[in-house]
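Undergrad: Below are the structure tokens for one structure; questions will follow.
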Amino acid sequence: MKAILAYAKFVREKYTYIIITTLVIAVIVGLFTSSPGLHIRQFNTTLIVIMIAAMGFTITFRSLGAAARDWKGFSFGLVLNFLFAPFLCWVLARLFLSSHSDLATGLILIGVVPCAGMALVWAGLLKGDVPLATVINAATMILAPFLIPLLMSLFAGKFVTINAWGMFQQLIYTVLLPVLGGVALRELLERRINVQKILPVMPAISATMAVLLMFMAINTNISPIMKNVGLIGPLVVSTILIFPILFVVAYLVSIKLFPRGKNITITYSSGMKNLPIAIGIAAMSFKGLEMLPVAVGFAFQMLTAVTFYQIFRRGTTEKER
């Protein structure tokens, strides 16, 4: 158990470096072969289910009920996640990728997925409102299967044909049921054991699955992107803009409406997106380069999160630290 906890701590503290290292390795390997990524892709659904169930284990039904006590912050987080983010990605897709329908669809996919579970970690490190972060994360995860097909039809329907019903069914099996199963398992185990001992392991399990999915997405797309080198420019320009804009808008608007702790939480819960879910949807629902913008987005999201961590740290007094 000590080794597992040590691994969990390592993943939590070095996740940025793990993401960037995985990205680099996936690119280098992809220049020679896509076999590792194709092998991982065979287990795509299993990896997604494990990742989501581990996330669900960190949620409780009590935390969902807490939304009623902070409806303002909770509602603000939902609006930014499911209205502003999809609209922003649609605008960027129209501006930079309108002639590349698969990349445009992948870019929009970034905007429609729920907030990232790592937002809770960042909020905790910065002394943010962790209960609010938990509520926003849990609510967006549960609403995702119902809203993603509708949002994809609305924003990406002009780029590709969206099978909204098929996507909804996939999301029920791969997102809603696993997250509810994770929550239910925690509730059951809490009656018998002290789950706090194993709770730190769950984000590490989820993060490990996410890293494997990211490797798969990048490794399997290097070959086609090298055959279309002209795509690199618009892909990078459009993807690199998403997270700074999401973070800045969430920060500037919420700082005027909420105290510092909630401002931190809303900034991270609205600025960070659950990209492994986006990769999973792209792998299951599409056959082109839709995974590529999402995979590239991993690095830009983490770099933006680190930058804002430094911004918030500078605004923290020694006493608050």
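Each reported figure results from applying straightforward, stated rules to the coordinates on display, with no laboratory input. What you see is a predicted model; the values in this text were computed from it and never measured. All Cβ positions, glycine included, derive from the backbone under ideal geometry; neighbour counts span all protein chains shown.
Undergrad: Going through region 210-241 one residue at a time, which ones are in contact (Cβ under 8 Å) with a residue 12 or more places away in the chain and over 26 Å from Leu47 (Cα atoms)?
TA: Met226, Leu231, Pro234, Leu235, Val236, Val237, Ser238, Ile240, Leu241, listed by residue number.
Undergrad: Taking the options Ala85, Ala93, Ala123, Ala138, name whichever one is within 14 Å of Leu246 (Cβ to Cβ) and touching a residue at least 60 places away in the same chain (Cβ under 8 Å).
TA: Details: Ala93 fails: within 14 Å of Leu246 (Cβ to Cβ); Ala123 fails: within 14 Å of Leu246 (Cβ to Cβ); Ala138 fails: within 14 Å of Leu246 (Cβ to Cβ).
Selected residue: Ala85, the only one of Ala85, Ala93, Ala123, Ala138 that is within 14 Å of Leu246 (Cβ to Cβ) and touching a residue at least 60 places away in the same chain (Cβ under 8 Å).
Undergrad: To continue, here is another question. Evaluate the following for Phe76: is it surrounded by fewer than 24 Cβ atoms within 10 Å (Cβ to Cβ), in contact with a Ser or Thr (Cβ under 7 Å, 6 or more places away or on another chain) and of a type in the set (A, V, I, L, M, F, W, C)?
TA: yes
Undergrad: Give the residue, chosen from Leu199, Leu177, that is of a type outside the set (S, T, N, Q), closer than 21 Å to Ile59 by Cα and part of a helix (DSSP H, G or I). Talk me through it step by step, then tell me what you get.
TA: Working: Leu199 fails: part of a helix (DSSP H, G or I).
Going through Leu199, Leu177 in turn, just one is of a type outside the set (S, T, N, Q), closer than 21 Å to Ile59 by Cα and part of a helix (DSSP H, G or I): Leu177.
Undergrad: Residues that are under 14 Å from the mean Cα position of the chain (by Cα) and under 24 Å from Val211 (Cβ atoms), at least 1 per element: which helices (runs of 4 or more DSSP H) completely within region 56-127 meet that?
TA: 85-96, 101-112, 118-125
Undergrad: Find the residue count for region 248-289, including only residues that are of a type in the set (A, V, I, L, M) and within 14 Å of Trp122 (Cβ to Cβ).
TA: Quick first cut of region 248-289, residues of a type in the set (A, V, I, L, M) only: 248-250, 252-253, 255, 257, 264, 266, 272, 275, 277-279, 281-284, 289.
Next, from what is left, pick out any that are within 14 Å of Trp122 (Cβ to Cβ): 250, 264, 266, 272.
Of the residues in that region, 4 qualify.
Yes or no, residue by residue, for (1) within 27 Å of Arg260 (Cα to Cα); (2) hydrophobic (A, V, I, L, M, F, W, C):
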residue	(1), (2)
Arg69	yes, no
Gly73	yes, no
Ala116	yes, yes
Val121	yes, yes
Gly124	yes, no
Ser153	no, no
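Undergrad: All but one of (1) of a type in the set (Val, Ile, Thr); (2) more than 17 Å from Met202 (Cβ to Cβ); (3) outside any helix (DSSP H, G or I); (4) within 20 Å of the chain's Cα centre (by Cα) hold for Thr33; which doesn't?
TA: Here Thr33 clears every test but (4).
Undergrad: Would it be correct to say that Ile240 is β-branched (Val, Ile, Thr) and within 15 Å of Asp102 (Cβ to Cβ)?
TA: Values: β-branched (Val, Ile, Thr): yes; within 15 Å of Asp102 (Cβ to Cβ): no.
Judged against the criteria, Ile240 is not a match.
Undergrad: Tally time: how many residues in region 221-253 are over 30 Å from Ile311 (Cβ atoms) and either crowded, with 24+ Cβ neighbours inside 10 Å or aromatic (Phe, Trp, Tyr) (or both)?
TA: The qualifying residues number 1.
Undergrad: Also, I was wondering about something else. Tell me, yes or no, whether region 284-301 has at least one residue that is without any contact (Cβ under 8 Å) to a residue 40 or more places away in the chain and assigned to a helix (DSSP H, G or I).
TA: no
Undergrad: Then there is this: Any idea which of Val211, Val195 is over 19 Å from the mean Cα position of the chain (by Cα) and hydrophobic (A, V, I, L, M, F, W, C)?
TA: Within the list Val211, Val195, the selection yields Val195.
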